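I have placed the structure first, in the form of structure tokens, so that the comments after it can refer back to it.
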Amino acid sequence: FQQKVEELEQERNHWHSEFKKVQSELVTYTTQETEGLYWSKKHMGYRQAEFQILKAELERTKEEKQELKEKLKETEMHLEVLQKA
């Protein structure tokens with residue numbers, strides 16, 4: 001009877017240690033998953049900021065292009081006046 005009790009205690013200890021190991025792996029996995037999500041969101045934040053900067057640059061470039069078109073038109077008109085004179 002004593003031997004059976006010892007076997008059951010060993011088996012209980014074995015399963016208890018297996019449970020602790022699995023529990024620890026789960027905590028590690030959950031932490032990694034959360035960190036991965038954090039870095040993924042942070043990366044998206046950087047991408048969003050980069051996109052906003054590029055969008056602003058594009059707007060500035062469009063405005064510069066429009067200004068240059070107007071200056072070109074004025075210069076062509078001025079040149080035409082000079083050629084007639």
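The values are calculated or read from the model by the stated rules, or taken from the named source; none is laboratory data. From a predicted model like this one, the values you see are computed outputs, not experimental measurements. Note that we place each Cβ from the backbone using ideal geometry, even for glycine, and neighbour counts take in every protein chain shown. These accessible areas exclude ligands, DNA and RNA; they are computed on the full protein's heavy atoms, side chains included. Shrake-Rupley method; radii C 1.70, N 1.55, O 1.52, S 1.80 Å.
With charges only on Cβ, +1 for K and R and -1 for D and E, what is the dipole size of the chain about its Cα centre, in debye, rounded to 20? Please report the intermediate quantities before stating the final value.
On the way: 15 positive and 18 negative charges, 76 e Å.
Rounded to the nearest 20 debye, it is 360 debye.
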Rounded to a whole %, the carbon-and-sulfur portion of the accessible area of the chain at a 1.4 Å probe is 59 percent
What do you get for the angle between helix 2-84 and the principal long axis of the chain? Use alpha-carbon atoms, 0 to 90 degrees, nearest ten. 0 degrees
Simple spin-label estimate for Q83 and E35 in nanometres, 7 Å along Cα-Cβ: 7.0 nm
